[in-house]
Amino acid sequence: MVVAPAPNAQPLEPLRLPWQLRLTPEQFEQVCQANPDAVLELSADGQLIAMTPTRSETGARNSALTVALALAVRLSGLPLKQFDSSTGFRLPDGSVLSPDASLIRLDRWNDLTRAEQRSFAPLCPDLVVELASPGDEGPRGVTALRRKMELYRRNGAQLGWLLLPDEQAAEIWSAEGEPQRLDQARHLDGGPAFPGLRLDLAEIWAA
């Protein structure tokens, strides 16, 4: 059966912007407000980064990550505020990026004005988590995510976790030094920066 479209229905218009366009963070926020269905990030030089929607398996793992991280924070008792994958942060270098999951120390969050909290918060999260999609193509591939992890670190992140579900492995990005790979990872610890924080990976790998 073919269902006719509603008389007043309008087709969704794709977002079209010139490739050479450069935006300030304020202009980027206006673009996002005008295109609420678009998934976008902003590079430090003002270039738009179009993020494709996650595929179903990755989306399920991202949901499991959100739940597992919330449990880890609660059990740790640490004063941390959690954010999901739709949250953009305005980093010190002027970029606006959205980790798959992130934590900010509660005192840093409370130091922001109400207007800053309602916008892209002007800070880098203390802990960031990125979840790699299958393969190594596009903005959600491992190579692109490693570049993001380095950007987070340069902008002040104390700890980063890059999850590699296909290999059940993780890369641990501390504030200094080379990232450390953990094969057959079952859990991740917050270390000295986040004592008592322990992320169980079983549900994430199984999703």
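Here is how the numbers come out for the structure above:
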{"item": "Beta bridges by DSSP in the chain, antiparallel share as percent, to the nearest 5", "result": "80 percent"}
{"item": "Under the span-like rule (Cα at least 15 Å along the axis, Kyte-Doolittle mean at least 0.5), DSSP H helices of the chain", "result": "56-76"}
{"item": "Computed over segment 63-198: relative contact order in percent, which uses C-alpha pairs under 8 Å that are six or more apart", "result": "19 percent"}
{"item": "Rounded Å value of the spacing that divides the Cα centres of segment 143-174 and segment 20-94", "result": "15 Å"}
{"item": "Cα-based shape type of segment 87-207, given that a ≥ b ≥ c are square roots of the gyration tensor eigenvalues and the cut on a/c is 1.5", "result": "prolate"}
{"item": "In nm, spacing of pseudo-spin labels at residue 84 and residue 33 (7 Å Cα→C-beta vector)", "result": "2.3 nm"}
{"item": "Fewest-first sequence of 26, 176 by Cβ atoms within 10 Å of each Cβ", "result": "176, 26"}
{"item": "Residue-span extension gain [residue 193 to residue 167] - 0.36 nm each, minus C-alpha spacing", "result": "6.7 nm"}
{"item": "Approximate spin-label separation residue 44-residue 70, in nm, with each point projected 7 Å along Cα-to-Cβ", "result": "3.4 nm"}
{"item": "Virtual spin-label span in nm between residue 147 and residue 181, 7 Å along Cα→Cβ", "result": "2.1 nm"}
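Read-outs throughout are calculated quantities, based only on the coordinates presented, and are distinct from any laboratory measurement. The structure displayed is predicted, hence computed values, not measured ones. All Cβ positions, glycine included, derive from the backbone under ideal geometry; neighbour counts span all protein chains shown.
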